Amino acid sequence: MAILKFRIYFEEDDAVYRDVAIKHTQNFRDLHSAILKGYEFDNKHQATFYRSNDNWQRGREISFELYEKQYKVKPLLMADTSIGSEIFDTNQKFVYVYDFNKNWTFLVELINVSKEESSKITYPAVTRVEGIGPQQYGTRSLLGDKFVDIEEKYDLTKGTEGFSEEGEGGEVPETEESEENEESEENNDVFLGEEE
């Protein structure tokens, strides 16, 4: 059984990509789910694939379902279309669009065909993650989940206990330095007063 490895680039930054291994008998809905899992997107929005060429032009559509829009040609459905049936080239390309409102676009390229199936892998599988992907909703920290670990390790959630010199009434207690500063300010006032 052939195992197909696709590289899924985020259209806006080709340094951000995910590799997905999938059996040629599996369908486009399986590939759709693997892409969403790889980029940590939910599965709540419309989606479609387009068969493509080396210039990433959109061809025949392979849609999650029939949507209320105009089609030049009725699309194939993801659940009914096996991946292997749409591979016509050794570096076959597809354009994947998710959430038609936000128009998340990914470029899907076949990068490897293998005859060896691994018994340790459940297909489809995300086999490589490169770069920080876009966050579906809001912004993503450069540290991601690691920041939570750092926060807990160094107890960053607590205030600045132990670093304040405030008394119980909220006033800063006077020290020798603050008394010296008051005296020098008084001298400055006198000096400034003499010049007038």
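The values are calculated or read from the model by the stated rules, or taken from the named source; none is laboratory data. Given the structure is predicted, the values throughout are model-derived calculations rather than measurements. Reconstructed Cβ throughout: ideal geometry from the backbone, glycine too, with neighbour counts over all protein chains shown.
Quick one: how many residues across segment 27-63 are hydrophobic (A, V, I, L, M, F, W, C) and under 14 Å from E109 (Cβ atoms)? Total meeting the criteria: 4. A single member of Q46, Q57 is surrounded by fewer than 17 Cβ atoms within 10 Å (Cβ to Cβ), more than 14 Å from the chain's Cα centre (by Cα) and in contact (Cβ under 8 Å) with a residue 40 or more places away in the chain, and it is Q46. Among the numbered conditions (1) under 20 Å from T25 (Cβ atoms); (2) exposed (fewer than 12 other Cβ atoms within 10 Å of the Cβ), the only one that T127 does not meet is (2).
Conditions (1) basic (K, R); (2) free of Cβ contacts under 8 Å to residues at least 24 places away in the same chain; (3) surrounded by 15 or more Cβ atoms within 10 Å (Cβ to Cβ); (4) part of a loop (DSSP other than H, G, I, E, B), marked per residue:
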site: K5; (1), (2), (3), (4): yes, no, yes, no
site: D19; (1), (2), (3), (4): no, no, yes, no
site: L36; (1), (2), (3), (4): no, no, yes, no
site: E61; (1), (2), (3), (4): no, yes, yes, no
site: E68; (1), (2), (3), (4): no, yes, no, yes
site: D89; (1), (2), (3), (4): no, yes, no, yes
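Can you confirm whether segment 106-123 contains a residue that is of a type in the set (S, T, N, Q) and under 13 Å from F6 (Cα atoms)? Scanning segment 106-123, I find at least one residue that is of a type in the set (S, T, N, Q) and under 13 Å from F6 (Cα atoms), so the answer is yes. Restricting the search to segment 71-87, which residues are among the β-branched types (V, I, T) and either within 25 Å of V113 (Cβ to Cβ) or assigned to a helix (DSSP H, G or I) (or both)? Passing the criteria: T81, I83, I87.
Only residues that are farther than 22 Å from Y137 by Cβ and either at pLDDT 95 or above or of a type in the set (K, R) (or both) were counted in segment 88-111, giving 9. Select from segment 88-111 the residues that are β-branched (V, I, T) and within 28 Å of the chain's Cα centre (by Cα) and write down the one among them that is farthest from Y50 (Cα to Cα). Once the filter is applied, the top-ranked residue is I111. Restricting segment 70-87 to residues that are within 29 Å of the chain's Cα centre (by Cα), over 18 Å from E109 (Cβ atoms) and aliphatic (A, V, I, L, M) leaves a set whose member that is surrounded by the fewest Cβ atoms within 10 Å (Cβ to Cβ) is A79. Checked against (1) at pLDDT below 95; (2) in contact with an Asp or Glu (Cβ under 8 Å, 6 or more places away or on another chain), T48 meets all criteria but (1).
Taking segment 115-132 as the range and being more than 13 Å from V20 (Cβ to Cβ) and not β-branched (V, I, T) as the test, the residues that pass are K115, E116, E117, S118, S119, K120, G131.
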